[in-house]
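For reference, the structure discussed in these notes is given below.
The values are calculated or read from the model by the stated rules, or taken from the named source; none is laboratory data. Only a predicted model underlies this, so the values are computations on that prediction, with no experimental measurement involved. Here the Cβ is made from the backbone with ideal geometry for all residues, glycine too, and neighbour counts use every protein chain on show. Note: areas computed on protein heavy atoms with side chains; ligands, DNA, RNA excluded. Shrake-Rupley method; radii C 1.70, N 1.55, O 1.52, S 1.80 Å.
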Amino acid sequence: MHRVDIDHERDAMEQPPSPAAEQTQLERRKGTLASKFMLVNISSNLLLAYQSLGVVYGDLSTSPLYVYRSIFVGKLQNYQTSEAIFGAFSLIFWTITLIPLLKYVFVVLSADDNGEGGTFALYSLLCRHAKFSLLPNQQAADEELSAYKYGSSGQSTSCLPLKRFLEKHKKSRTILLIVVLLGACMVIGDGVLTPAMSVISSMSGIQAATEHLSHGGVLILSCIVLVGLFALQHSGTHRVGFLFAPIVTIWLISIFLIGLYNTIFWNPKIVSALSPYYIVKFFKETGKDGWVSLGGVLLSIAGSEAMFADLGHFTATSMRIAFPFFVYPCLVVQYMGQAAFLSKNIDSISNSFYNSVPDSVYWPVFVIATLSAIVGSQAVITATFSIVKQCNALGCFPRVKIVHTSKHIKGQIYVPEINWILMILTLAVAVGFQDTTLIGNAYGLACMTVMFITTFLMALVIIFVWQKSVALAIPFLLLFGLIEGVYLSSAFIKIPQGGWVSLVLSFAFLAIMFVWHYGTRKKYNFDLHNKVPLKWLLGLGPSLGIVRVPGIGLIYSELATGIPSIFSHFVTNLPAFHNVMVFVCVKSVPVPFVPPEERFLIGRICPRPYRMYRCIVRYGYKDIQRDDGNFEDLLIQSIAEFIQMEAVEPQLSSSESPSFDGRMAVISTRSVQSGSTLLVSEEDFGISNSIQSSKSLTLQSLRSAGDDENPQMRRRRVRFHLPENPGMDPAVRDELSDLIDAKEAGVAYIMGHSYVKARRSASFMKKLVIDIGYSFLRKNCRGPAVALNIPHISLIEVGMIYYV
């Protein structure tokens, strides 16, 4: 009986499952995969939320060190009562709730640009959904970028009148750019003020615990820490980044526990101050003096902009986890505990945080506070580097050296010139003021200006990008604009008491940006109006009336169409040029990153016998132009791919069009590398192989010397060969063969060495800006050849004078 049952069960197992059973199993598998994916997504966001603590919230989390001291200064010293303390805490609570929590976490974080945040991300979104951009050499092909179409593609009729007005009037677009640049300048000002503010505030704990240490001693220690902080910037945040999150986490937990202890031990009734009733009571008691004190209250949210500005390193979900569930409650409980302590110890307001720390944990808290201040300063300095890079991409900042400090995180960069300028300015602010209250007045003005600008740009994004009704954007603008406007007006009152520093720093950087942008635009317009006529070239024939020598000539210009005047200037003075000519334009587009497969645009300028091409290399405002050493090889492969594509797709080479210039094709570098039209062979080479293709013995010796001086630059050699393809068009084969021979003969880079001068008839102000301001910046910034990683040994510069 038992054996029969076993056989019956075995037969049942061997029978194929029914369709219903298969469907059930399939659904179970799908459910299992979905649950696993959800778990991975949740764990990934939790990890990012933890990592964001060290990068994003360092500045915001150290604000309890100085907020209450900054509130009760000036005439508000006459209102140091327990009722005023309750009112101040209520103001802090509702400020943190409305602006960082409600505005940033629930609204602004949704306005990302392909995962990137900050004022430039909002400006980029606006430029892509309306014609607000003032960037030169923009093309219709840029709109085909995959990152360009991010966001809603529809068109709301309610915003059309406003859109037409802004697009029609260039002054309105200029004002919009100035507003964005002002926000950027205020962030750079933060990079000067935040380190001084945070480090001096944290170091003041030594003076509170050690009576014999003078204020001058604290200042010296603070300056030593500041110098060390800026001196370590060249190593990059990634080398010490693993320490940042644990430090800020321990700091937040510490201030939460201290705040909870003080609330229970000193005055549990402080919980009632969560009611906005105490705000009304506070202003009834203090009047105008209470309004002036808002400049201290706004320091409690200083650093909130980092949640949006650093969005590119994390995700909106991770930010929405970290702030509401960890950072927000820790800060609220800490401010509540300080208020409870101060309500019973009014005389301790001058150093409220350290006086409220229990003696048993005083020194461990001091160490963590100092480290957290350094972490917060580090995040702001890194953000300043990023802002300078983005301004440079917009053509609004002089060329500076940009070092990529991390192979894994794109946004971690180091700008040496800006780093040392920031250090000098920070030390000057620390030594000049020696008082965190005065520095806080400048710091608060800078932070609130950035937030107000974000609110303004966000209202435009709601209208033009999200395609929502103006009736929805106006309440957002009125609610947060009114709140921030009140705080901003209070900060402006304190301009004589230190606030002027923020304005001086911001307008100094804004003047630099304006002069550079103005001079660059004038130079570009000169090139645009002095292009070489294409009909003139076509009339000269394929030889162009000059001697064509072996090799490839890369002519660099900012023009995306047309022949730059430096070409005619060159051949007029030296009537010879290379067999193959490529006009290269390296430009920025209003997207954060351009995928490598969409970076190159290749086209032909004249008919095939002329061997003249155009290459446009596109970068986003957050892209880093690295010297990978393979630009020439990628360019040759891309042109070869275009030649082959042109033969297959006749519309690219149609002779019906009156002009050969302007027809471009996107050549994917990945497809070029995976399946090239040309056969590629690679070999490591020494000095002898690296110069074997040179026709000149003098050039060989020069290159040999260059290789000896820079052994790290000696790279692999890539050689191209034509595949054995009997079916290839003979004209295509001849053109590819000429391209390969030209590459073997050598590549030369031709750039304009320009001198920009104002016309004699120009106004005095224009002469001042161009002849003095712009000329000074051009002489003291990095040269275009260095910025574009052009090898100096192959560079030919053509002198040009631009009268603008």
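Under 6 Å between Cβ atoms, which residue pairs at least 6 apart in sequence (or on different chains) link something in the stretch 782-802 that is assigned to a strand (DSSP E or B) with a partner that is open to solvent by 60 Å² or more (accessible area, probe 1.4 Å) and not hydrophobic (A, V, I, L, M, F, W, C)?
Note: pairs meeting the criteria are E797/H753; V798/H569; G799/H753; I801/Y755.
Go through (1) surrounded by fewer than 23 Cβ atoms within 10 Å (Cβ to Cβ); (2) in a helix (DSSP H, G or I) one by one and return the number of the condition V400 breaks.
Status for V400: all satisfied but (2).
Considering only residues that are of a type outside the set (D, E) and outside any helix (DSSP H, G or I), look in the stretch 289-319 and name the one that is most open to solvent (accessible area, probe 1.4 Å).
My answer is T315.
With the structure loaded, tell me whether H212 is under 24 Å from the mean Cα position of the chain (by Cα) and either outside any helix (DSSP H, G or I) or surrounded by fewer than 15 Cβ atoms within 10 Å (Cβ to Cβ) (or both) or whether it fails that test.
The answer is no for H212.
Identify, from the list P358, P364, the residue that is modelled with pLDDT of 90 or more, open to solvent by 20 Å² or more (accessible area, probe 1.4 Å) and closer than 30 Å to E83 by Cβ.
Just one listed residue meets the conditions, P358.
Anything in the stretch 531-559 that is modelled with pLDDT of 85 or more, among the hydrophobic types (A, V, I, L, M, F, W, C) and open to solvent by less than 10 Å² (accessible area, probe 1.4 Å)? List them, or say none.
Scanning the stretch 531-559 gives I552, L554, I555, L559.
Of everything in the stretch 612-634 that's at pLDDT 90 or above and among the charged types (D, E, K, R), which residue is nearest to the chain's Cα centre (by Cα)?
Among residues in the stretch 612-634 that are at pLDDT 90 or above and among the charged types (D, E, K, R), the one nearest to the chain's Cα centre (by Cα) is R618.
Yes/no matrix, rows are residues, columns are (1) of a type outside the set (V, I, T); (2) at pLDDT 95 or above:
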| residue | (1), (2) |
| --- | --- |
| W291 | yes, no |
| E305 | yes, no |
| T315 | no, no |
| S318 | yes, no |
| Q334 | yes, yes |
| Q338 | yes, yes |
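Name the pairs whose Cβ atoms lie under 7 Å apart, with the first residue in the stretch 468-483 and under 15 Å from L457 (Cβ atoms), the second surrounded by fewer than 17 Cβ atoms within 10 Å (Cβ to Cβ) and among the charged types (D, E, K, R), and 6 or more positions between them or separate chains?
none
List every residue pair whose Cβ atoms sit under 6 Å apart, with the two residues 6 or more apart in sequence or on different chains, where the first one lies in the stretch 346-360 and is over 14 Å from V73 (Cβ atoms) and the second, anywhere, is open to solvent by 20 Å² or more (accessible area, probe 1.4 Å) and aliphatic (A, V, I, L, M).
Y354/A208
Here's a check for you: in the stretch 252-297, which residue that is closer than 18 Å to P64 by Cβ and among the aromatic types (F, W, Y) is nearest to the chain's Cα centre (by Cα)?
Of everything passing the filter in the stretch 252-297, F256 is nearest to the chain's Cα centre (by Cα).
May I ask you to say which residue of S763, S775 is surrounded by 14 or more Cβ atoms within 10 Å (Cβ to Cβ), free of Cβ contacts under 8 Å to residues at least 24 places away in the same chain and polar (S, T, N, Q)?
Matching residue, one of S763, S775: S775.
Among the numbered criteria (1) open to solvent by less than 20 Å² (accessible area, probe 1.4 Å); (2) assigned to a helix (DSSP H, G or I); (3) modelled with pLDDT of 90 or more; (4) not polar (S, T, N, Q), which one does I381 miss?
(3) is the only condition that I381 fails.
Output the residues belonging to the stretch 88-109 that are crowded, with 22+ Cβ neighbours inside 10 Å and among the aromatic types (F, W, Y).
Matches in the stretch 88-109: F89, F93, Y104.
Could you check how many residues of the stretch 414-458 are closer than 21 Å to V67 by Cβ and open to solvent by 40 Å² or more (accessible area, probe 1.4 Å)?
The number of residues fulfilling the criteria is 5.
Which residue pairs have Cβ atoms under 8 Å apart, sit 6 or more places apart or on different chains, and have a first residue in the stretch 606-626 that is farther than 30 Å from G117 by Cα and a second that is outside any loop (DSSP other than H, G, I, E, B) and of a type in the set (D, E)?
Filtered contacts from the stretch 606-626: R608/E735; R611/E735; R611/D738.
Of the residues that sit in the stretch 570-607 and are under 22 Å from A787 (Cα atoms) and part of a helix (DSSP H, G or I), which one is farthest from the chain's Cα centre (by Cα)?
E598
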